[in-house]
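The structure under discussion appears below in the form of structure tokens.
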Amino acid sequence: MTPGAAPTVVPSGIGYAIRIVAGTTIVWLALYHIKGVDPLWAVISVVVVSEPELGTAVLAFKSRVANTLIGCAVGLVFLFVLGPAAWSILLAIAASVVVCTSLIRVPVSWKIAPITVALVMTPSVLSHSVSAGLPTALRRTGEVLFGSAVAVCVSLVGAKLSSKAR
């Protein structure tokens, strides 16, 4: 710490773990019994977006959502324009990286869009059907948005509880 600087409050690892467990429990219980919905991407999103500090969680939320939407959009455009082929996935992955590095200012999250492209396009390539990617894109986007929103809400509640405890 720099002499004369105000001390920063470092959230405990236990509080952070509780936020992640609370968020993942909420999304798991909310989605597990819905037919055709796999809570995996919502759980992953809770973990990715959860942060010890609320402001950082909000930034992670915005980045996760933006990169997921970019990956879905790029994947679907390439799928419908170029068709379901392995080489079209590779081109779409490259395009999503270019878009993200140009628009999104959070380098850590740049990997989310190309991963999303692969997740959206692979079902179509494997089934040799352009339309197979659309349900995947819609479902994954919904699960990511839900999990990310839950993570921010849990962070907000945690921040409010922490401020009351002080």
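Scanning segment 36-53 for residues that are buried (at least 18 other Cβ atoms within 10 Å of the Cβ) and of a type in the set (A, V, I, L, M) gives A42, V43, V46, V48, V49. Which one is farthest from V46 (Cα to Cα) among residues in segment 101-151 that are touching a Cys at 6+ places or on another chain (Cβ under 7 Å) and of a type in the set (S, T, Y)? Once the filter is applied, the top-ranked residue is T116.
Residues that are in a helix (DSSP H, G or I), in contact with a Pro (Cβ under 6 Å, 6 or more places away or on another chain) and surrounded by 14 or more Cβ atoms within 10 Å (Cβ to Cβ) occur in segment 8-22; there is at least one.
Taken together, T122, T56 contain a single residue that is closer than 26 Å to G15 by Cβ and among the β-branched types (V, I, T), which is T56. Here H33 passes the criteria (1) at pLDDT 90 or above; (2) surrounded by fewer than 14 Cβ atoms within 10 Å (Cβ to Cβ); (3) more than 16 Å from the chain's Cα centre (by Cα) except the one numbered (1). With respect to (1) at pLDDT below 90; (2) within 15 Å of the chain's Cα centre (by Cα), the lone exception for L54 is condition (2). From the residues in segment 41-51 that are closer than 11 Å to A151 by Cβ and in a helix (DSSP H, G or I), which one is nearest to the chain's Cα centre (by Cα)? Restricting to residues being closer than 11 Å to A151 by Cβ and in a helix (DSSP H, G or I), the top hit is S45.
The values are calculated or read from the model by the stated rules, or taken from the named source; none is laboratory data. The structure presented is a predicted model; accordingly, all values stated were derived computationally and were not measured. Cβ atoms come from the backbone with ideal geometry, glycine included; neighbour counts cover every protein chain shown.
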